[in-house]
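Worksheet: one structure, shown below.
Nothing in this text is a laboratory measurement; each read-out follows from the coordinates by a stated rule. Keep in mind it's a predicted model, so treat the numbers as computed, not measured. Cβ sites come from the backbone with ideal geometry, for glycine too, and all protein chains shown count toward neighbours.
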Amino acid sequence: MQISKIQNTLCTGQIDSYASEGSEPITIFQNPIKELCRYLSRADVVFGCVYNLNHSELLESFRKTVSCQIITDRENLRNPEWYSDLPCIYSVDDVLNSEAHSKKPLPMGPYWQNSKDAIYIAKKRGTINMHNKYLVFCKINSDYCIVPQAVWTGSPNGTYNANLSYENAVYLPFQKTAIAYLKDYKRIILNSQGLSKFTQNLKSVTVKQTNKLESV
């Protein structure tokens, strides 16, 4: 990730004109992934849970954010390479702390030393799977604080089939709603595993199984 990209975004101080407590929800019934990419282009920082995420254009939109972090379900983890180069330098705690202390600035870097897993895999403790589909959009304001602004949620997964199916989604431009979803996101990520560790464990299990077969 280029540091210039982050600096330029941080210095805009722009707030999404669609996001305010006086706004109305925006409903989406056609081409949900195309519309989602359009909303992502206005976000600096994104957190969320997406049961299935493999749409290349959508993943490219995530790559253009300053920071994104997504929890997905292991049932749909076909290829970890899909998620390469997704930027993640902020945790959900950075956002919630920024909201609780509005004058507290963001950690300013060096950003490349703050890199975190952009993809987490939900663990199955007391549940069948992580089936949520929601994203929380945040902006970075001129005071270098992360401002939660809006939530995207509905039936579509981040897949190619989403634009071919009957789907419904809604954009909720309400800060209090965004904060509530961030708190739910934190609850789930505490019971999740970063993709790097998850794939490392998978390789370890595969090696052990191979060695066991060879020893028979």
* Kindly put Val95, Val50 in sequence by how many other C-beta atoms sit within 10 Å of each C-beta, fewest to most. => Val50, Val95
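Arrange Leu172, Leu164 by Cβ neighbour counts within 10 Å, fewest through most, would you? Let's see the in-between values first.
Working: Leu172 21, Leu164 9.
Ascending number of Cβ neighbours within 10 Å: Leu164, Leu172.
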